[in-house]
Amino acid sequence: MPWRRGLSPFVTPLFHRWWAISRGMTLGVRGLVTDPEGRVLLIEHTYVHGWYLPGGGVERGETAQEALSRELVEEAGIEATGPPVLVSVHSNHRRHRNDHVLLFRVPQWRKVEATSRGEILNLGWFAPDDLPETATPGTRARIAEVFEGEGAHPLW
């Protein structure tokens, strides 16, 4: 659905402003999932450019782990079969004043049917040192922090 990308520059800022007004703080989760070959799972959305670690927002009444589990199934058809491991906590203040993102490692998982329809354009597995050119800076930084032993930067 490439048309969603065309609308995104206009619609996304409106949603972000609404969230900033209606919510005091927002919390997001991202999952670092690797396959047996050590490749990292990345997704490309229909509504925004670039490759991202799968994840999304924590909804009201949901724990961070529940949100991660839900988002992994929705976006990638990945079901965690063991507890996710919190890797780092980041402020996303560059994009949203009161937004924070938790990065989890997902060491145990199995493939299931993805439940999201129309949100994901592509899904791919990439070597940590050979990411797609359009992988976002935050995605690249988090992967480098995990695989190259760099300390976690406080900003996403």
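Counting only residues that are in contact with a helix residue (DSSP H, G or I) (Cβ under 7 Å, 6 or more places away or on another chain), under 16 Å from V73 (Cα atoms) and not hydroxyl-bearing (S, T, Y), the range 43-52 holds 1 of them. Within the range 36-57, residues that are in contact (Cβ under 8 Å) with a residue 24 or more places away in the chain and under 15 Å from P107 (Cβ atoms) have Cβ atoms under 8 Å from residues that are of a type in the set (D, E, K, R) and surrounded by fewer than 19 Cβ atoms within 10 Å (Cβ to Cβ) in these pairs: L41/D35, counting only partners at least 6 apart in sequence or on another chain. Would you say V85 is touching a Phe, Trp or Tyr at 6+ places or on another chain (Cβ under 9 Å) and of a type in the set (A, V, I, L, M, F, W, C)? Yes, satisfied.
Of everything listed in (1) within 13 Å of the chain's Cα centre (by Cα); (2) in contact (Cβ under 8 Å) with a residue 60 or more places away in the chain; (3) under 23 Å from L14 (Cβ atoms), the single unmet condition for V106 is (3).
Taking V146 as the residue in question, decide whether it is outside any loop (DSSP other than H, G, I, E, B), touching a Gly at 6+ places or on another chain (Cβ under 9 Å), at pLDDT 95 or above and under 14 Å from R30 (Cβ atoms). For V146, the condition - outside any loop (DSSP other than H, G, I, E, B), touching a Gly at 6+ places or on another chain (Cβ under 9 Å), at pLDDT 95 or above and under 14 Å from R30 (Cβ atoms) - is not met. Taking the range 1-114 and the strands (runs of 3 or more DSSP E) fully enclosed by it, the elements with 3 or more residues that are exposed (fewer than 15 other Cβ atoms within 10 Å of the Cβ), at pLDDT 95 or above and of a type in the set (A, V, I, L, M, F, W, C) are at 85-91.
The values are calculated or read from the model by the stated rules, or taken from the named source; none is laboratory data. Worth saying up front: this structure is predicted, and the values here are computed from it rather than measured. Virtual Cβ from ideal backbone geometry, glycine too; neighbours counted across all protein chains shown.
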